[in-house]
Structure formats: C-alpha cells, structure tokens
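*Asks:* Below you will find the structure I want to go over with you.
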Amino acid sequence: MDCTQYKSHYAAFSKLPLPREVSDSSEWSDWMNHFHECGSCFDWTLGQRIAARGCDPNDFACVHIGNQVTTPCPDHPDPADCPDILISYFARFDEYSIAVRDGGTSAVAIRYCPWCGVKLPESKRSRWFDELTALGYTDFYGDDIPAQFWTDAWYKNAK
Ligand SMILES: [Zn+2]
Ligand SMILES: [Zn+2]
Ligand SMILES: [Zn+2]
C-alpha cells in the first residue's frame, strides 16, 4: 500500500465501529501497517483528526501537539487527569507541559515537541506575573485579578 492508497482508504477505514468484513480484510491490515510505518501518513492522519474535532491543525506548532491538546476524553473533563493525554496546554501562560501524575496539578513545561522536535511558543509565564505586578497586583491567585488573565485574552488582546 502506498501513501495515495492509504489516504484514499482513510474515510472508510477510520470510521468506527469497523464492520467485521473490513477489520478481517488483508487490505485493512495493510492499511494499519502503513499507518504505523509511514511517518508522513501518520502525521497526515493526526491532521485529519484535529480537523474532525473542529480545530485548525495550522493553529498548532505541529500535528503531534495539536492532536494531544485537542483530544477529547468523555471520562476526564480535566485533560490533566487523563492517562491517554500526555501533553497539557495552559492557555493562560501559552505553555505546553507534561503532566506529573502524582494526583496534584504539577507539570513539567516543555519547549520542543517530544515527537518531532519543533520549537513550541515561548512560555508567557513570567510575563504574566510581570504584567500583573505592573498593574499593582500582589496576590496573583486572588479573585480580584482581571478576568482576561485567567485565559489567553490578556496577551492575545494586548496591543
Ligand atoms: Zn504513507
Ligand atoms: Zn481520559
Ligand atoms: Zn511534533
């Protein structure tokens, strides 16, 4: 199976649940082997998944990061609790991290994609503290912090 064939089978072969006659076919196992062996089709597939979730793959540094942070899990409303989602994104700091599964909220920030090595956006964590300090805040986790600082609005809307 080549890349063109892989892509042309994608619509039929990625729709779950797979009919028995598909999952028993040698064509399907060839297709799955191609998925695991071909880096470019693997990445292409992640892009398809991101788009199917209503997100734009171009909004992310790469499809690996995009796939991680757009993965929905019905069992874990907080993605940091989900063992299937390895990378968390903190919109507030524009920061990607690997969650530390110790039951708490700690995470190790990453600067490059673990799969392809692409550079991720620079964390805005220290800028977040600097700007709040400049605005006169000292209790950063107090309720009186402007609402835009709890999301990415504080830097996206900044002129
Ligand atoms: Zn391929
Ligand atoms: Zn989960
Ligand atoms: Zn990547």
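The values are calculated or read from the model by the stated rules, or taken from the named source; none is laboratory data. Remember, predicted model here, so these are calculated numbers, not experimental data. Quick reminder, even Gly has a Cβ in these numbers, built from the backbone with ideal geometry, and neighbours come from all protein chains shown.
*Asks:* List every residue pair whose Cβ atoms lie under 6 Å apart, where the two residues are 6 or more positions apart in sequence or sit on different chains, the first residue falls within region 115-134 and is in a loop (DSSP other than H, G, I, E, B), and the second residue, located anywhere, is loosely packed, with under 13 Cβ neighbours inside 10 Å.
*Replies:* Sorted first by the residue in region 115-134, then by its partner, the pairs are Leu120/Arg111.
*Asks:* Mind checking whether some residue in region 45-67 is surrounded by 13 or more Cβ atoms within 10 Å (Cβ to Cβ), of a type outside the set (Val, Ile, Thr), touching a residue at least 24 places away in the same chain (Cβ under 8 Å) and within 16 Å of ligand 1 (Cβ to nearest atom)?
*Replies:* yes
*Asks:* Answer yes or no as to whether Cys38 is more than 22 Å from Trp150 (Cα to Cα), hydrophobic (A, V, I, L, M, F, W, C), within 16 Å of ligand 2 (Cβ to nearest atom) and surrounded by fewer than 18 Cβ atoms within 10 Å (Cβ to Cβ).
*Replies:* Against the criterion (more than 22 Å from Trp150 (Cα to Cα), hydrophobic (A, V, I, L, M, F, W, C), within 16 Å of ligand 2 (Cβ to nearest atom) and surrounded by fewer than 18 Cβ atoms within 10 Å (Cβ to Cβ)), Cys38 does not qualify.
*Asks:* Related question: Every residue in region 21-56 that is out of contact with any Ser or Thr (no Cβ under 7 Å at 6 or more places or on another chain) and farther than 20 Å from Tyr6 by Cα, please.
*Replies:* Gly54, Asp56
*Asks:* Another question about this same structure. Hey, Ala80 hits all of (1) of a type outside the set (S, T, N, Q); (2) assigned to a loop (DSSP other than H, G, I, E, B); (3) farther than 18 Å from Arg49 by Cβ but one; which does it fall short on?
*Replies:* Result: Ala80 passes all but (2).
*Asks:* Among the candidates Asp139, Asp130, Asp94, Asp102, which residue alone is of a type in the set (D, E, K, R) and either within 16 Å of ligand 2 (Cβ to nearest atom) or surrounded by 12 or more Cβ atoms within 10 Å (Cβ to Cβ) (or both)?
*Replies:* Asp94
*Asks:* Among the residues of region 31-43, count how many are in contact with a helix residue (DSSP H, G or I) (Cβ under 7 Å, 6 or more places away or on another chain) and either aromatic (Phe, Trp, Tyr) or more than 16 Å from Val118 (Cβ to Cβ) (or both).
*Replies:* Residues meeting the conditions: 6.
*Asks:* Related question: Can you find a residue in region 109-120 that is farther than 30 Å from Tyr10 by Cα and either at pLDDT below 90 or of a type outside the set (Lys, Arg) (or both)?
*Replies:* Scanning region 109-120 turns up at least one residue that is farther than 30 Å from Tyr10 by Cα and either at pLDDT below 90 or of a type outside the set (Lys, Arg) (or both).
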